[in-house]
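K.L.:
Here it is, the structure in full.
Any read-out appearing in this document is the output of simple, stated calculations on the displayed coordinates, not a laboratory observation. If you're wondering where the values come from, they're calculated on a predicted model, not measured in any experiment. All Cβ positions, even for glycine, are placed from backbone atoms using ideal geometry, and neighbour counts span all protein chains on display.
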Amino acid sequence: MKRQRGFKSIVGLVSVVLMMAWHLGDSPGLEAEVLRNDSVEDFNQVVIQVGFVENERAAAWLTSHCSGDLTAVQVLWLSVTGGTGQTLGESITISEAGSFPTPGSQLARLVGPALNDGFFNEFPVVPPIPITAGETVVVDFRFFEAPPLSGPSIVTDTDGCQPSKNGIFAIPPSLWLDSCSLGVGGDFAIRAVVECPDGLFGDGFESGDTTAWSSQIP
């Protein structure tokens, strides 16, 4: 893949249909937080990234604002025309933060995810992964084969590539690289869902409840 000229992409106005298994209300006392770096919303302009080859990987570094369980991951999968059916990926991996742009130790791996064109595809993580407030994990999607020039493929937003938030395992040279350095102009729409205690901050205090606070210094 000739990356000297920048990563190959398609810019287009795409209607983004959200297909998410929201957990709000499913688990009493828990609230779902979606970890994301991207700014993709309904009917936003997005960039379809089609410059990948077989076994290359796109990764997002995601930080939780609460302590809870990571229960699912989400990947936005789009083509220019839409309606291309289902595509098989090689795998989705969740890892520790590591040393950017290289992820750390593997926490979980889903083999052979099937992605539907035009959706935020959500995949459950079983068993869930405990995560603490302020902890960063890496979610990466590995391609089974190179995407067609019109997609479907993974996408990025259009408001700039944030440093130390997005990585690509590039072939060659079979190394992790900062996606910004490869000419990718946005953040990957790759997300994670964390179920947290309802109404609690990361430090464990309930929002607005000061009755249990002590004025005494222990």
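K.L.:
Would you calculate the separation in nanometres between label points at Glu96 and Ala114, each defined as 7 Å from the Cα along the Cα-to-beta-carbon direction?
P.N.:
Spacing of the two 7 Å Cα→Cβ label points: 3.5 nm.
K.L.:
Return the long-range amide H neighbours of Leu107 (sequence gap of 5 or more, or a different chain), with a cut-off of under 5 Å between placed amide H atoms.
P.N.:
Hits under the 5 Å cutoff: Ile94, Ser95, Glu96.
K.L.:
Taking a quarter of the surface of the Cα convex hull of region 36-176, what do you get in nm²?
P.N.:
8.3
K.L.:
With just the Cα atoms of region 73-151, tell me how far they stretch along each of the three principal axes, in Å, largest first.
P.N.:
The principal-axis extents, from largest down, are 40, 25, 21 Å.
K.L.:
Right, another one. Between Ser105 and Asp159, what FRET efficiency follows from the Cβ-Cβ distance if R0 is 45 Å, with the result rounded to 0.05?
P.N.:
Calculated value: 0.90.
K.L.:
Normalise the Debye intensity by I(0) for region 61-116, one equal point scatterer per Cα, no solvent, then take log10 at q = 0.25 Å⁻¹ and round to two decimals.
P.N.:
Result of the Debye calculation: -1.11.
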